[in-house]
Amino acid sequence: MRKLISFFIGLCILALMFGAIAGAAAIYDTARKIKIETYFFQPNNLSGQRVGVPATPSDLGPDKMRRRLVEKYLSEYFYVIPDTANVEKRMGAFSPLARMSTQSVFSQWQQQEGAYIKTLAEEGAFRTVRIIGEIKKPADSDFWTVEYEMKTWRRPNDMAEEPVVTRDVLYMGISDEYMMDFRQNIDIRQYLENGYDPAAIFRFGITAIGRQQDK
């Protein structure tokens, strides 16, 4: 009886082994030199946040390109992290904000919002910004209307702090006639290899900027 049981156990082991070999062969067939393509999956329910092939400017179209560039500009204009070195770098002549602004707009930011950001950074504050709704250009205006929301945490390392939420409107003069193309005065490959921000390679710029409260 014991020999019979051992015999059947041996058959089961052989069946499992052949099954494993067949499974491995189905995944990778060395005889036919089938390659296994590897993929990286990002666990996110939103398809827009999953890893994929980068979209080209023509894939996005001018409206989405403009919105993404304005979102990037707005982030550079307002965000705060508790790091004064970060502020100093953003105030430099080769920062994304400088490259995407006229000299007058950038100087205005340095003297006003940039100086305030430096104060917030020294105090350990953290601030985020996002666009609310669509950016629009009224038919009778030369400026785009951009409504935005900021959240500011003033006390570092205080997990119980509720952020201060503020909303305002920016009126932006946008030079975007050639934004679907790249700047001609920089070596794009070298620029990107040096770790500079990709947003600044597009022929897009802010020529004027003002808040609703400034009107």
**Complete:** In whole percent, the Cα-Cα distances of the range 141-189 spread across 5 Å bins from 0 upward as 5, 14, 12, 12, 11, 12, 13, 11, 10, 2
**Fill in**
Ranking Y148, V164, I174 by how far each Cα lies towards the positive end of the charge dipole of the range 144-202 (+1 on Lys and Arg Cβ, -1 on Asp and Glu Cβ), the top one is V164
**Fill in**
Mean Cβ-within-10 Å packing, highest first, puts peptides 155-161, 60-66, 186-192 in the order 60-66, 186-192, 155-161
**Full-stretch length increase - E122, R203 - with 0.36 nm per residue and alpha-carbon distance subtracted** = 25.8 nm
**Request:** Please give the FRET efficiency for L60 paired with F143, using the beta carbon to beta carbon distance and R0 = 25 Å, rounded to the nearest 0.05.
**Result:** 0.65
**Asked** Convex hull over the Cα atoms of the range 119-215, averaged projected area in nm²?
**Response** 9.4
**Asked** Which value, in debye to the nearest 20, describes the size of the charge dipole of the range 59-152 about its Cα centre when Lys and Arg Cβ atoms bear +1, Asp and Glu Cβ atoms bear -1, and nothing else is charged?
**Response** 220
**Request:** Enumerate the whole-percent occupancy of each 10 Å bin, from 0 to the last occupied one, for all C-alpha pair distances of the range 78-168.
**Result:** 16, 38, 34, 11, 1
**Message:** Please report the accessible area of T166 (heavy atoms, 1.4 Å probe, ligands and nucleic acids excluded) in Å², nearest 10.
**Reply:** 60
**Item:** Nearest-20 debye value, the range 132-215 charge dipole, Cβ charges on Lys, Arg, Asp, Glu
**Value:** 120
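The values are calculated or read from the model by the stated rules, or taken from the named source; none is laboratory data. Keep in mind that what you see is a predicted model, and the values were worked out from it rather than measured. Please note: Cβ atoms are built from the backbone with ideal geometry, for glycine as well, and neighbour counts cover all protein chains shown. These accessible areas exclude ligands, DNA and RNA; they are computed on the full protein's heavy atoms, side chains included. Shrake-Rupley method; radii C 1.70, N 1.55, O 1.52, S 1.80 Å.
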